[in-house]
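Sharing a structure with you now.
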Amino acid sequence: MTNIVIIGAQWGDEGKGKIVDLLSERADVVVRFQGGNNAGHTLVVDGVTYKLSLLPSGIVRGKLSVVGNGVVVDPWALRDEMKRITDLGTKISPDVLKISDQATLILPLHRELDQMSEAAAGKGKIGTTGRGIGPAYQDKVARRAIRVGDLAEKESLEAKVDNLLLFHNALRKGWGQPEVDKADLMQTLDEIAEFILPYAIPAWKILSEQLKNGKSLLFEGAQATMLDNDFGTYPFVTSSNTIAGQAAVGSGVGMKDIDKVIGVVKAYTTRVGSGPFPTELFDADGDRIREVGREFGTVTGRPRRCGWFDAVLVRQAILVNGVQNLAVMKLDILDQFDEIKVCVGYEHKGKKLDYYPMQMNAQAEVRPVYETLPGWKSSTFGIREYDKLPENAKKYLARLEELLGVKIGMISTSPEREDTIIRIDPYEKK
Ligand code: IMP
């Protein structure tokens, strides 16, 4: 059995949902291991578009879907998402959806704090999704979070709520916000417990049983390497570790059981929210990528910032994740460009750099060094065989492989899952 981790190697929205959906056909279990409903994974299955935020993408195909301990769970948002997806015809029950009882809850006070602190930060704001992700992870690390399984133990829940509110009400007073009433919160938790507890289990245990029975796990990363809390463009990052190593930490599966790491990239780069972006385009080329690629956020609808492929950043992502093969998405969006640029290095204060420095100002100041390749000026939309790609598209991909030092195993040429060129089957043993 092959257990595979799928991660984003840029700033998110690479198309991980499509790759997870494609591979989930042969996986038995799909596992989310970090992030929350800040993720936006779009799947197109039999012409129906599913927009998932917290649910593992395998749910649409009836696969056992596990939300691991590393995830932050907003039960109200989850309930709404489940309704949207069941309205489209998917069946969701505690038999297919398992939520770790150790996962941290996102409460309404986290959402409010996320929005308050962003509003107060003015120009320095992160541009979060406003879903309370950061404040929930902060409470987890500070050891005052309420976790999913806590809802089942009324005796200890009250003390936990006291401890949580001691901090949050002091903070809210400071922000000039009304305090949260303990009785109200206890009642809210009581109501939501009824909905979520049927799905709550020790996920690590279920996963170990699945492994023992020879089942194949697919780990679905959310956000991406450049949004990782350690390896991303800190502080303009999300609040979780998004890299492949987190698949083990955020699910309770041992590292020896992870066989492969697949990195997903777009054929260009996008970013939502604030923060540095060396290859960002502010010209007609950027507008064209946004328009043709329909680059607007799945979760917030915000227009995405667009730019050329940055081989320096992706090379770095490949190393910190241990990526074995890449999936290149949205190749067709570049079909009509005369020329296509790739960033092959940076310049900073007269020096050449072959990696992205960690300092905030340096990250904003580096200038990309570009290599220009000829475009292919013909449609690749829907192509399913590598040999049918235009010569210049093949040259573009070959140059990326050279610069990145890994093979491109999959190439996507439309949102439909069948429109994918598979050069290296991740389930074939090397
Ligand atoms: P947060 O995760 O809501 O705290 O947002 C932190 C940063 O991560 C912001 O720049 C968001 O735009 C970005 N972000 C969070 N989730 C995603 C995602 O799924 N795709 C792209 N960017 C994301």
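The values are calculated or read from the model by the stated rules, or taken from the named source; none is laboratory data. Owing to the predicted nature of the structure, the values given are computational and were not obtained by experimental measurement. Cβ coordinates were reconstructed from backbone atoms using ideal geometry, including for glycine residues, and neighbour counts include every protein chain displayed. Just so you know, the surface numbers come from the protein's heavy atoms only, side chains and all, with ligands and any DNA or RNA stripped out. Shrake-Rupley method; radii C 1.70, N 1.55, O 1.52, S 1.80 Å.
How many residues does region 287-310 contain that are open to solvent by less than 10 Å² (accessible area, probe 1.4 Å) and either assigned to a strand (DSSP E or B) or free of Cβ contacts under 8 Å to residues at least 24 places away in the same chain (or both)?
4
Identify, please: which residue in region 273-299 is within 25 Å of Leu23 (Cβ to Cβ) and touching a Pro at 6+ places or on another chain (Cβ under 9 Å) and is, among those, nearest to the ligand (Cβ to nearest atom)?
Restricting attention to region 273-299, the residues satisfying the condition of being within 25 Å of Leu23 (Cβ to Cβ) are 293-295, 297-299.
In the following step, the residues that additionally are touching a Pro at 6+ places or on another chain (Cβ under 9 Å) were identified as 295, 297.
Numbers: Glu295: 11, Gly297: 7 Å.
Once the filter is applied, the top-ranked residue is Gly297.
Filter region 136-151 down to residues that are touching a helix residue (DSSP H, G or I) at 6+ places or on another chain (Cβ under 6 Å) and open to solvent by 20 Å² or more (accessible area, probe 1.4 Å) and give me whichever is farthest from the ligand (Cβ to nearest atom).
Only one residue fits best here, namely Asp150.
Consider region 315-339. How many of its residues are within 16 Å of the ligand (Cβ to nearest atom) and more than 18 Å from Ala393 (Cβ to Cβ)?
Selection size over region 315-339: 1.
Which is over 20 Å from the mean Cα position of the chain (by Cα) and outside any strand (DSSP E or B), of Leu373, Leu313, Leu400, Leu319? Outline the logic, then answer.
Numbers: Leu373 fails: outside any strand (DSSP E or B); Leu313 fails: over 20 Å from the mean Cα position of the chain (by Cα); Leu319 fails: over 20 Å from the mean Cα position of the chain (by Cα).
Exactly one residue qualifies, and that residue is Leu400.
Could you please find all residues in region 340-370 being over 25 Å from Ala284 (Cα atoms), open to solvent by 30 Å² or more (accessible area, probe 1.4 Å) and in a helix (DSSP H, G or I)? Before the answer, list the steps.
Step one: of region 340-370, the residues over 25 Å from Ala284 (Cα atoms) are 348-362.
When the remaining residues are screened for being open to solvent by 30 Å² or more (accessible area, probe 1.4 Å), the result is 348-355, 358-361.
Passing the criteria: Met360, Asn361.
Would you pick out the residues in region 3-60 that are open to solvent by less than 10 Å² (accessible area, probe 1.4 Å), away from the ligand (no atom under 16 Å from the Cβ) and of a type in the set (Val, Ile, Thr)?
Ile4, Val5, Val29, Val30, Val31, Ile59
So which pairs qualify, if the first residue must be in region 115-135 and open to solvent by 40 Å² or more (accessible area, probe 1.4 Å), the second must be within 11 Å of the ligand (Cβ to nearest atom) and assigned to a helix (DSSP H, G or I), the Cβ gap must be under 7 Å, and the two must be at least 6 apart or on different chains?
Lys125/Glu118; Ile126/Glu118; Thr128/Asp114; Thr128/Glu118; Thr128/Gly134; Arg131/Arg111; Arg131/Asp114
In the list Leu165, Leu107, Leu88, Leu97, which residue meets the criterion of being away from the ligand (no atom under 16 Å from the Cβ) and in contact with an Asp or Glu (Cβ under 9 Å, 6 or more places away or on another chain)? Walk me through it before giving the result.
Numbers: Leu107 fails: away from the ligand (no atom under 16 Å from the Cβ); Leu88 fails: in contact with an Asp or Glu (Cβ under 9 Å, 6 or more places away or on another chain); Leu97 fails: in contact with an Asp or Glu (Cβ under 9 Å, 6 or more places away or on another chain).
That would be Leu165, the only listed residue that is away from the ligand (no atom under 16 Å from the Cβ) and in contact with an Asp or Glu (Cβ under 9 Å, 6 or more places away or on another chain).
Touching a Cys at 6+ places or on another chain (Cβ under 7 Å) and hydroxyl-bearing (Ser, Thr, Tyr): does that describe Thr270? Even if it seems obvious, please write down each step before you answer.
Values: touching a Cys at 6+ places or on another chain (Cβ under 7 Å): yes; hydroxyl-bearing (Ser, Thr, Tyr): yes.
Yes: the conditions hold for Thr270.
Determine the pairs where a residue that is part of a helix (DSSP H, G or I), located within region 189-205, has a partner that is open to solvent by 80 Å² or more (accessible area, probe 1.4 Å) with Cβ atoms under 6 Å apart, the partner being 6 or more residues away or on another chain.
Close Cβ pairs satisfying both conditions: Phe195/Arg79.
So, Val20, is that one under 26 Å from Ser239 (Cβ atoms) and either out of contact with any strand residue (DSSP E or B) (no Cβ under 9 Å at 6 or more places or on another chain) or not in a helix (DSSP H, G or I) (or both) or not? Can you show your working first?
Numbers: under 26 Å from Ser239 (Cβ atoms): yes; either out of contact with any strand residue (DSSP E or B) (no Cβ under 9 Å at 6 or more places or on another chain) or not in a helix (DSSP H, G or I) (or both): no.
For Val20, the condition - under 26 Å from Ser239 (Cβ atoms) and either out of contact with any strand residue (DSSP E or B) (no Cβ under 9 Å at 6 or more places or on another chain) or not in a helix (DSSP H, G or I) (or both) - is not met.
In region 238-265, what residues are within 16 Å of the ligand (Cβ to nearest atom), in contact with a helix residue (DSSP H, G or I) (Cβ under 8 Å, 6 or more places away or on another chain) and not in a loop (DSSP other than H, G, I, E, B)?
Gly263, Val264, Val265
Which ones in region 102-114 are open to solvent by 50 Å² or more (accessible area, probe 1.4 Å) and either under 20 Å from the mean Cα position of the chain (by Cα) or under 14 Å from Asp150 (Cβ atoms) (or both)? Lay out the reasoning, then the answer.
Residues of region 102-114 that are open to solvent by 50 Å² or more (accessible area, probe 1.4 Å), as a first pass: 102, 111-112.
The answer is Gln102, Arg111.
Since Thr413 meets every condition but one in (1) of a type in the set (Ser, Thr, Tyr); (2) surrounded by fewer than 19 Cβ atoms within 10 Å (Cβ to Cβ); (3) modelled with pLDDT of 95 or more, which condition does it not meet?
Condition (2) is where Thr413 drops out.
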